[in-house]
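Taking it in order: structure first as structure tokens, then the write-up.
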Amino acid sequence: MADLQTIKSELAIIGTGFAGIAAAVFASRNGITTSQIGVSGGILYASGYFDLMGVHPVKEQKVWNNPWDAIDALIKDVPLHPYARLSKADIRESMDQFVGFLNETGLPYKKEDDRNVSVITPIGTVKPTYCVPASMWNGVAALLDERPMLIVDFWGLKGFSAMQITEMLTQNGRANLRAVRIPFPSVDLSTDLFPERMAWSMEVEENIVKLADEIRPHLNGAQVIGLPAILGIHRTETIMSGLKDLLGCDIFEIPTIPPSITGLRIKEKAETTLPQRGVHLFSQKRVVSVKSGKNGGFVLDVGDRATGEPEHRIEADGVILASGRFLGMGLHAGRKNIQETLFDLTVFQPGDRSDWHQKDFFDSRGHEINQAGIEIDETFRPVGIDGKPVFDNLFAAGSILAHQDWIRQKCGAGLAVSTAYAAVRSFMKQVKNR
Amino acid sequence: MEDTNLKTQVLIIGGGATGTGIARDLSLRGVSCILVEKKDINAGASGANHGLLHSGARYVFNDPESAKECRDENRLLKQLAPDCIENTGGLFVAVEGDDEKFVADFQPHCDKIDLPCKPVDVKTAKDMEPALSDKTIAVFEVEDGSIDPFKLVLANITDAQKLGCKFFRHMKVTGFTKQGARITGVDLFNKNTGERKTIEADMVVNATGAWVGDVAKLAGANIDVIYSKGTLLITHTRITDRVVNRLRPPSDADILVPGGTVSIIGTTSLRMETLDEIRPTVSEVDRLVEEGASMLPVLDTIRYIRAYSGVRPLLGSGKKGDDRSVTRGFDLIDHARDGIENFVTITGGKLTTFRLMAEKTSDLVCLKLGVSTPCQTRRIPIISAYETRWTVPGFSPKQWVGGHEIDDMLLCECEMVPQSAIEEITGYFDIFKKQADLKGIGKRSRIGKGSCQGSFCSVRIAAYLYDRGAATANAGVGNIKEFINERWKGQRCLLWDTPMVQVELEEAMHCGLFGLELNA
């Protein structure tokens, strides 16, 4: 153990999911020397749609057009929700900075500042969201207008049916729809296709022409074309404008079922850009143990995700815990209770396992377990049962926080980004400038 | 479209093992029949049991008649339905603290009815089944086996359909028309489609398991039924080669039955007043885990993939004591006793004796119809093994790894069910002019039964159904919701460790992204 190489940084961010990435973005903007550790699991399941706030109260399934009004209503009704620790100006600023970061990396996003938009899901339902990858933005308008629309899918791409999406959108009141299934260029007809492989293949120039050639005979006057999200990993914008020129139609992507390429794009951008901005990234590693250091800081041993064998030691003045819930392994469910996995923090939770989940999976009240998590003070420090911060220099962000249901409230991205923003700000105030 | 009004010699109500067994028995005798089921095959206890082919040894103390029936049917079924049965053999096992007198009496009781049973020394038994507890004190070997109730029931109804029997799913009996002492018509309603039907039959058979009282009441007859709920758990991997029974008077978590790639531990026993809440609870699950672990310690730490509950319909007034000790023999009721000449009810019994129950019921029905053809099911084997092979755990992966068409793809990755299997199964729906749906495909294959419990395959198969034109408008997406909720019943009480991770992903996908909780 003693011969572990030690890395010193001001801040260690535990987690490489949405909140972890956002925290690293904000930390690097503030010139904080930062280490980041995590196994990218959940982000690969991201659809690419950034929800800010869509549904409140969950039980009434009230869908909001204006996310800011929804946040006002939420804070009034649920004063313990993490959003209640933030001003709307902070939330807006955090989203703008984060989207700005993605734009700089070449993964542009679009939004209407003060309203949610409706987007198409992989199964053809329509959901409210706030901020949309530019590659999907044409779909937002196309959902509302009446231009002849063609939805394309591919032989061999399972779980994505153009026929299903047209049937579902027709139910939703959109007319003028057609579906077509075509072979994917440069691939043997008889292959089980995976979105990642298709996306890499689209990065090859000649495949764009071939794809356009496959689609062209089916246009029949279509003015807008929806395709599964397979249009490249890094050069999506170029690929799309190429297709647009070749076909003379507006093009948009629809996310495929998770793990979709849309999550991978964010992960790729973060992993290439953040290290360039000084973040020391321990990718596909996990923190295997944490202890207090000499000067009130933390010492984190980082090791292999599977064996837990320590490989590096990080000394940090402060830590942001963005380790997620069960999927991210920030929380662990036992047969009797829920525990936080690294600091053994107090977890707010329902009394008994029989109270964790409703009898109906889709119960409009949501599941009580989703309210479980870490409670924080006004500076995002986890608190103990006495309500006092456990450490002066430990902050929490993202879905591990208690008193929210990001899935049902449709606030996942906003929650991750804005709480990461607040945690970094508190770190600046209370640790870095101390 | 089927005719709205149909005539047949025998109308059978209930698509479990007994009902489908009767359909096959009567069809083999040349009697025309129709089977109606309010849900789909095995919706009740036939689909919610251990899948244990009893040797009979479990009943030697309390119910030697049942034990003998099991002994004989066990041998018969191994010959007649070999594809539905895994001839695992079984053990009876006592651990420290179990009643030693009970242990000592076991073999003599078996011998008394010529039931094969031989003692095994504990060390040998541990070699045979390493999962046995170190606290094991006595072991006997018997002729238990495991039976796939889905394959068995599907094969029975498919055999019957090949012989001309009609089978209507999702048709619930809403009323009976009577003239004098006879039922002249049975009214049916499909709540999914709104379709109504009336069927005229010379004889009506009530084989609705726990629901026999409800159906009899509609016909104006009275049956007192006690409902005893039993809960079982399916483990993620197979624990033992053989069936393992606890050698003690019936109690919780007494029987572990292996089947293909999994094992099933059960049961509990809980008296229920109604049939409204037949689902597992957290306390039942915890009880099974803790109690089962005293016989097989690995049950404390193993991953579980599903819990489910069934109802034992027990006739007679509520006796004190454990419901599992009430006779497990069956009751065949001729409702001439209630003034209805052409109505019979069959209930009770167990999966192992389903054929015998069907034979006795069909004998009575034929007597009343004046049909003299004897029962054929003692000698004619089940022939629909091929069409029903997709239900067997482990069949599909073996098939896939052994080789597949190059353009085939796995729609259910956990259980490795390929598109070609789904195509074939939807084809059977076509042949009998039925609409394929996710739950129906689920009953006829292993989809949704692996670790993701349907999160992904439901979406992929719904997409396939749309492509095929088998789903239109909202129907396929509605199917996804129904399918997920059906799987949820069995997941909800098992959400610790990895399954909790899986469920979080499932909700993020189906609610977070698809917004299915907001879409009807």
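A:Phe282 meets each of the listed conditions (1) away from chain B (no Cβ under 14 Å); (2) in contact with a Ser or Thr (Cβ under 6 Å, 6 or more places away or on another chain) apart from (2). Kindly provide the set of residues from segment A:147-166 that are among the hydrophobic types (A, V, I, L, M, F, W, C) and either surrounded by fewer than 23 Cβ atoms within 10 Å (Cβ to Cβ) or more than 8 Å from every other protein chain (Cβ to nearest Cβ) (or both), ordered by number. Listed by number, the residues that qualify are A:Met149, A:Leu150, A:Ile151, A:Val152, A:Phe154, A:Trp155, A:Leu157, A:Ala162, A:Ile165. Residue pairs whose Cβ atoms lie under 7 Å apart, separated by 6 or more positions or on different chains, with the first residue in segment A:86-98 and assigned by TED's automatic domain parsing to the domain that holds A:Leu401 and small (Gly, Ala, Ser) and the second at pLDDT 95 or above and assigned to a helix (DSSP H, G or I), are A:Ser94/A:Val417; A:Ser94/A:Ser418; A:Ser94/A:Tyr421. Out of B:Val257, B:Val289, B:Val298, B:Val285, one residue alone is assigned to a helix (DSSP H, G or I), hydrophobic (A, V, I, L, M, F, W, C) and away from chain A (no Cβ under 14 Å). It is B:Val298.
None of B:Lys217, B:Lys229 is buried (at least 22 other Cβ atoms within 10 Å of the Cβ), at pLDDT 95 or above, among the charged types (D, E, K, R) and on the phi < 0 side of the Ramachandran plot except B:Lys229. Among the conditions (1) free of Cβ contacts under 8 Å to residues at least 60 places away in the same chain; (2) in contact with a Pro (Cβ under 9 Å, 6 or more places away or on another chain); (3) closer than 30 Å to B:Glu504 by Cβ, B:Asp408 misses just one, which is (3).
Scanning segment B:504-520 for residues that are assigned to a loop (DSSP other than H, G, I, E, B) and at the interface with chain A (Cβ under 7 Å from one of its Cβ atoms) yields B:Phe514, B:Gly515, B:Leu516, B:Glu517, B:Leu518, B:Asn519. Residue check: A:Glu253 meets all listed conditions (1) charged (D, E, K, R); (2) closer than 24 Å to A:Phe18 by Cβ; (3) modelled with pLDDT under 95 but one, namely (3).
Checked against the criterion of being in contact (Cβ under 8 Å) with a residue 60 or more places away in the chain and of a type in the set (Lys, Arg), segment B:446-454 has at least one qualifying residue.
Output the number of residues of segment B:27-48 satisfying the condition of being surrounded by 24 or more Cβ atoms within 10 Å (Cβ to Cβ) and closer than 22 Å to B:Arg75 by Cα. Residues in segment B:27-48 being surrounded by 24 or more Cβ atoms within 10 Å (Cβ to Cβ) and closer than 22 Å to B:Arg75 by Cα: 1 in total.
A:Phe160 falls short on exactly one of the conditions (1) farther than 17 Å from B:Asp467 by Cα; (2) at pLDDT 95 or above; (3) in contact with a strand residue (DSSP E or B) (Cβ under 6 Å, 6 or more places away or on another chain), and that condition is (1).
Listed conditions (1) more than 29 Å from the chain's Cα centre (by Cα); (2) in contact (Cβ under 8 Å) with a residue 40 or more places away in the chain; (3) assigned to a strand (DSSP E or B) are all met by B:Phe92, apart from (1). Counting only strands (runs of 3 or more DSSP E) wholly contained in segment A:11-120, the ones carrying 1 or more residues that are out of contact with any helix residue (DSSP H, G or I) (no Cβ under 8 Å at 6 or more places or on another chain) occupy A:34-38. Taking segment B:463-480 as the range and being more than 8 Å from chain A (Cβ to nearest Cβ) and not in a loop (DSSP other than H, G, I, E, B) as the test, the residues that pass are B:Leu465, B:Arg468, B:Ala475, B:Gly478, B:Asn479.
Between B:Ser396, B:Ser420, B:Ser384, the distinction of being part of a helix (DSSP H, G or I), of a type in the set (Ser, Thr, Tyr) and either within 22 Å of the chain's Cα centre (by Cα) or surrounded by fewer than 16 Cβ atoms within 10 Å (Cβ to Cβ) (or both) belongs to B:Ser396 only. Annotation: A:Leu264 fulfils all but one of (1) in a loop (DSSP other than H, G, I, E, B); (2) within 19 Å of the chain's Cα centre (by Cα); the unmet one is (1). Would you confirm whether or not segment A:292-300 contains a residue that is assigned to a helix (DSSP H, G or I) and closer than 15 Å to A:Thr34 by Cα? No: zero hits. If the condition is being at the interface with chain B (Cβ under 8 Å from one of its Cβ atoms) and either not β-branched (Val, Ile, Thr) or not in a helix (DSSP H, G or I) (or both), then segment A:167-187 contributes A:Glu167, A:Met168, A:Gln171, A:Arg181. The number of residues in segment B:30-71 that are β-branched (Val, Ile, Thr), more than 26 Å from B:Pro393 (Cα to Cα) and touching a helix residue (DSSP H, G or I) at 6+ places or on another chain (Cβ under 6 Å) comes to 1. Close Cβ contacts (under 9 Å, 6 or more residues apart or on different chains) running from residues in segment A:285-296 that are among the hydroxyl-bearing types (Ser, Thr, Tyr) to residues that are part of a strand (DSSP E or B) comprise A:Ser289/A:Val299; A:Ser289/A:Leu300; A:Ser289/A:Asp301; A:Ser289/A:Gly303; A:Ser289/A:Pro310; A:Ser292/A:Phe298; A:Ser292/A:Val299. The residue that is nearest to the chain's Cα centre (by Cα), among those in segment A:1-46 that are more than 19 Å from A:His312 (Cβ to Cβ) and surrounded by fewer than 17 Cβ atoms within 10 Å (Cβ to Cβ), is A:Arg29.
Note on segment B:1-53: residues that are assigned to a loop (DSSP other than H, G, I, E, B) and either of a type in the set (Ser, Thr, Tyr) or more than 30 Å from B:Tyr308 (Cβ to Cβ) (or both) total 8.
So that you can scan it fast, the table gives a plain yes or no per residue for (1) within 30 Å of B:Asp121 (Cα to Cα); (2) at pLDDT below 95; (3) in the same structural domain as B:Phe429 (by TED's automatic domain parsing):
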| residue | (1), (2), (3) |
| --- | --- |
| B:Gly16 | no, no, no |
| B:Thr20 | no, no, no |
| B:Gly30 | no, no, no |
| B:Pro64 | yes, yes, no |
| B:Asp72 | yes, no, no |
| B:Thr88 | yes, no, no |
| B:Phe92 | yes, no, no |
| B:Lys101 | yes, no, no |
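Note on segment B:271-305: residues that are exposed (fewer than 15 other Cβ atoms within 10 Å of the Cβ) and touching a His at 6+ places or on another chain (Cβ under 7 Å) amount to 1.
Of the conditions (1) surrounded by 20 or more Cβ atoms within 10 Å (Cβ to Cβ); (2) within 28 Å of B:Gly310 (Cβ to Cβ), B:Val139 clears all except one; give me its number. It fails just one condition, (2).
If the condition is being at the interface with another protein chain (Cβ under 7 Å from one of its Cβ atoms) and buried (at least 23 other Cβ atoms within 10 Å of the Cβ), then segment B:481-494 contributes B:Ile484, B:Arg492.
Being modelled with pLDDT of 95 or more, in contact with a Cys (Cβ under 8 Å, 6 or more places away or on another chain) and either β-branched (Val, Ile, Thr) or on the phi > 0 side of the Ramachandran plot (or both): is that true of A:Val287 here? The answer is no for A:Val287.
The values are calculated or read from the model by the stated rules, or taken from the named source; none is laboratory data. Keep in mind that what you see is a predicted model, and the values were worked out from it rather than measured. Using ideal geometry, Cβ is built from the backbone for each residue, glycine included, and neighbour counts are taken over all protein chains shown.
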